[in-house]
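Participant: Here it is, the structure in full.
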Amino acid sequence: MNSDNDLQIAGDILEVQHLLQPRREHPVTVAEFVGLARAIAADRAQWEHLVEYDATSRWYHRLRTGPGYEVWLLSWVPGQGSGLHDHGRSSGVLTVLEGTLAERTERGTRALSAGAQRVFAPGYVHEVVNDALEPAVSLHVYYPGLTEMPMHTTQSCAAARPVTA
Ligand SMILES: [Fe+2]
């Protein structure tokens with residue numbers, strides 16, 4: 001079974017009114033988790049002053065917690081990467097706040113520039129790398145909170161094959 005089905009939604013999902021339930025204090029639906037990430041991304045005062053760049057190890061900071069979820073802020077200096085991994089039982093929303101990150105999966109490599117978001121289900125395997133010349137910052141929402149990040153050692157190739165869709 002292919003777990004990387006690469007679902008694409010045309011247009012802005014947050015414009016679909018029936019998905020916008022009365023505002024809740026904490027997100028529950030995928031759309032609300034995406035919306036939370038977008039709201040934080042747009043409010044630089046929440047995160048900009050917290051960002052640090054560490055050339056020796058990837059820097060991360062837990063920005064927020066809520067019922068069953070965590071929001072992490074990560075920085076990536078050029079050359080830093082996550083290694084190939086999944087997220088255990090967690091689903092997630094990855095949002096690029098600054099710079100450009102490359103996401104590598106078995107299907108290819110996708111460039112994620114500021115504002116790009118990726119939503120993934122449990123078991124999704126990817127590698128995120130800053131292969132650009134400028135530092136990058138990203139926001140990661142995990143539901144439930146990330147308790148493990150199993151590393152994967154092999155992947156048949158994706159580094160050089162761009163995802164165009
Ligand atoms: Fe990840």
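The values are calculated or read from the model by the stated rules, or taken from the named source; none is laboratory data. Worth saying up front: this structure is predicted, and the values here are computed from it rather than measured. Heads up, the Cβs are rebuilt from the backbone with ideal geometry, glycines too, and the neighbour counts pull from every protein chain shown.
Participant: Residues in region 63-108 that are within 13 Å of the ligand (Cβ to nearest atom), closer than 17 Å to Ile40 by Cα and aromatic (Phe, Trp, Tyr): how many?
Facilitator: So the answer is 1.
Participant: What are the residue pairs meeting all of these: first residue in region 109-128, first residue within 9 Å of His87 (Cα to Cα) and within 12 Å of the ligand (Cβ to nearest atom), second residue part of a strand (DSSP E or B) and among the charged types (D, E, K, R), Cβ atoms under 9 Å, and 6 or more apart or on different chains?
Facilitator: From region 109-128, the pairs are Tyr124/Arg118.
Participant: For the subset of region 129-153 comprising residues that are more than 21 Å from Gly66 (Cβ to Cβ) and out of contact with any strand residue (DSSP E or B) (no Cβ under 8 Å at 6 or more places or on another chain), which member is surrounded by the most Cβ atoms within 10 Å (Cβ to Cβ)?
Facilitator: Leu133
Participant: Hey, another quick one. With respect to Ser90, is the statement that it is touching a Gly at 6+ places or on another chain (Cβ under 8 Å), surrounded by 13 or more Cβ atoms within 10 Å (Cβ to Cβ) and small (Gly, Ala, Ser) true? Reasoning before the result, please.
Facilitator: On the way: touching a Gly at 6+ places or on another chain (Cβ under 8 Å): yes; surrounded by 13 or more Cβ atoms within 10 Å (Cβ to Cβ): yes; small (Gly, Ala, Ser): yes.
Yes: the conditions hold for Ser90.
Participant: Any idea how many residues of region 108-157 are touching a helix residue (DSSP H, G or I) at 6+ places or on another chain (Cβ under 7 Å) and farther than 20 Å from Val30 by Cβ?
Facilitator: Looking only at that region, the number is 2.
Participant: Quick check on this structure: which one of Val125, Val163 is in contact with a Ser or Thr (Cβ under 7 Å, 6 or more places away or on another chain), modelled with pLDDT under 95 and of a type in the set (Val, Ile, Thr)? Before the answer, list the steps.
Facilitator: Numbers: Val125 fails: modelled with pLDDT under 95.
That would be Val163, the only listed residue that is in contact with a Ser or Thr (Cβ under 7 Å, 6 or more places away or on another chain), modelled with pLDDT under 95 and of a type in the set (Val, Ile, Thr).
Participant: Select the strands (runs of 3 or more DSSP E) contained entirely in region 1-103, then report the ones holding at least 1 residues which are touching a residue at least 40 places away in the same chain (Cβ under 8 Å), farther than 19 Å from Gln117 by Cα and among the hydroxyl-bearing types (Ser, Thr, Tyr). Step through it out loud before you land on a result.
Facilitator: Values: elements: 59-66, 69-76, 91-98.
Passing ranges, in order: 59-66.
Participant: Confirm whether Gly145 is assigned to a loop (DSSP other than H, G, I, E, B), over 10 Å from the mean Cα position of the chain (by Cα) and within 12 Å of the ligand (Cβ to nearest atom).
Facilitator: Judged against the criteria, Gly145 is not a match.
Participant: Take Leu50 and tell me if it is within 16 Å of the ligand (Cβ to nearest atom), within 20 Å of Ala136 (Cβ to Cβ) and surrounded by 11 or more Cβ atoms within 10 Å (Cβ to Cβ). Step through it out loud before you land on a result.
Facilitator: Details: within 16 Å of the ligand (Cβ to nearest atom): no; within 20 Å of Ala136 (Cβ to Cβ): yes; surrounded by 11 or more Cβ atoms within 10 Å (Cβ to Cβ): yes.
It is false that Leu50 is within 16 Å of the ligand (Cβ to nearest atom), within 20 Å of Ala136 (Cβ to Cβ) and surrounded by 11 or more Cβ atoms within 10 Å (Cβ to Cβ).
Participant: Does region 53-71 include one or more residues that are at pLDDT 95 or above, surrounded by 11 or more Cβ atoms within 10 Å (Cβ to Cβ) and in contact with a helix residue (DSSP H, G or I) (Cβ under 6 Å, 6 or more places away or on another chain)?
Facilitator: yes
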